[in-house]
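Chemist: I have a structure I would like to understand better, so I am pasting it below and will then ask my questions one at a time.
A short reminder: the numbers here are calculations on the coordinates, not readings from a lab. Just so we're clear, the structure is a prediction, and the values are computed from it rather than from any experiment. In this analysis, Cβ positions are derived from the backbone assuming ideal geometry, glycine residues included, and neighbour counts consider all displayed protein chains.
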Amino acid sequence: MEQNKRHLKPWKPGVSPNPGGWNQSKYHQARKICADKTSDAVQTLIDLLKDEDARIRYMAATTIMERGIGKPRDHSEEEALASRISLDGLDKGERAVLAMLLQKALGLDKAKDAAPSAPVVIEGNASEQSEVG
C-alpha cells in the first residue's frame with residue numbers, strides 16, 4: 001500500500017488535475033437538457049389538466065400522479081402470501097377438528113340432506129392430510 005502512495009503527487013492549489021472536466025457523453029448531455037426543461041414540462045402537464053378533451057386531462061393527471069407519488073404497485077402476490085396460514089404444526093387429528101369447525105362455520109354441516117359434495121381437505125405436511133366429510 002505504501003509503495004502505491006509514493007507515485008501519488010498532490011496537485012498545486014488552484015490548478016485542476018483535469019482541466020477539460022469530465023467527459024460528457026451524449027447520454028449525459030441529453031439528460032442535462034431534459035433536466036433543464038423539467039419545470040416547463042410540468043407546467044405543460046398542469047395546463048393540460050384544463051383541456052376540453054377528457055382523455056387528455058386523464059393522461060395529464062395520470063402522468064403527474066405517477067411522477068409525484070409513483071405508479072401503483074400490484075400487491076396481489078403479497079396479499080396472497082400474507083393470507084396463507086401454515087398448518088404444518090398441526091397433527092392429523094387437529095387438522096380434522098379444524099376442518100370440522102370450518103365446515104360448521106361455513107354452514108356446510110347443515111347441508112347433509114343435499115347432494116354429497118367433495119370432502120374438505122386440509123393440508124399440512126405432504127405426508128399427512130386430514131379429510132373430513
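Chemist: Between Ile69 and His7, what is the spin-label point distance in nm, taking each point 7 Å from the Cα along the Cα→C-beta axis?
Modeler: Each label point is offset 7 Å from its Cα along the Cβ direction, giving 5.6 nm.
Chemist: Using a basic spin-label model with each label point 7 Å from the Cα along Cα→Cβ, how many nm lie between Lys37 and Asp91?
Modeler: Spacing of the two 7 Å Cα→Cβ label points: 7.4 nm.
Chemist: Lys37: which lysines have alpha carbons under 24 Å from its alpha carbon, excluding same-chain residues fewer than 8 sequence positions away?
Modeler: Of all the lysines, those that pass the test against Lys37 - Cα under 24 Å, at least 8 places apart if same chain - are Lys26, Lys50, Lys71.
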